[in-house]
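Report on the structure given below.
The values are calculated or read from the model by the stated rules, or taken from the named source; none is laboratory data. Everything numeric here is computed off the predicted structure, so don't read it as measured data. Cβ: placed from backbone, ideal geometry, glycine included. Neighbour counts: every protein chain shown.
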Amino acid sequence: MMRALRKTGDRTGRFLGEALTGRAPGRPYVVVAWGLIAGAIWFAIGLGGDPGWGLPAIAACYLGALLAAVCAIDARYGIIPDSLVLALAVGGVLHAWLWGLGDLWWRGLEAAVVFAAVSLFRAVYRWLRGQDGLGFGDVKFLAAGTLWVGGEGIPVVLLIAVVSALVSLLILRAQGHELHGKQAISFGPHLAIGLWWVWVLGSQPI
């Protein structure tokens, strides 16, 4: 367990270091890495003067660390480990319960609806295009993320993710990579930055 955590921490630190400084192979994810940092700064500023800062700060550290790990692993290996999805889901349940964000059963239902809807989109896209538009890990990630931001936050998560992915493709193009209609990129880091910012903006105490 500790060995796995240490390995994940090393990978995350390496990813952030490469992306933040624009070094290969993390250069296409520069917007993701700086987005994580900017969101953390924005959240910290919003907590200024709030006497109940402790619990939100813990939640932000937990979510931020998880999302950074998702970015690092998916960017390199093209997968989002089930262990990280499970940790995201458990944290989302605790977050909703401690914040009193409505009925947990309703949040669970929203997560199930998002899972079904995105799974259907994935199946239809594969049928129409003959390839996957989203990995199954992305589907599970969005369902778990719903527990943090609710079903109403998912469209904004997807919008931010698409914009972030387009920026990454432009960076790849600027590096001389030849892009085409079937260009495959890891979408998990972009979903992570979308979830991070939707949660940060929705959790501001001011």
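Please work out if VAL149 is more than 15 Å from ALA117 (Cα to Cα) and modelled with pLDDT of 95 or more. Judged against the criteria, VAL149 is not a match. Here is the figure for the range 112-136: residues that are touching a residue at least 40 places away in the same chain (Cβ under 8 Å) and in contact with a Leu (Cβ under 6 Å, 6 or more places away or on another chain) total 1. Give the range 169-200 a look and list any residue that's part of a helix (DSSP H, G or I), of a type in the set (Gly, Ala, Ser) and either modelled with pLDDT of 85 or more or in contact with a Leu (Cβ under 7 Å, 6 or more places away or on another chain) (or both), or say none. Those that are part of a helix (DSSP H, G or I), of a type in the set (Gly, Ala, Ser) and either modelled with pLDDT of 85 or more or in contact with a Leu (Cβ under 7 Å, 6 or more places away or on another chain) (or both): GLY188, ALA192, GLY194. Of the listed requirements (1) over 16 Å from the mean Cα position of the chain (by Cα); (2) farther than 23 Å from LEU98 by Cβ, LEU55 misses just one: (2).
With LEU166, LEU158 as the choices, which residue is over 16 Å from ASP74 (Cα atoms) and out of contact with any helix residue (DSSP H, G or I) (no Cβ under 7 Å at 6 or more places or on another chain)? Only one candidate qualifies: LEU166.
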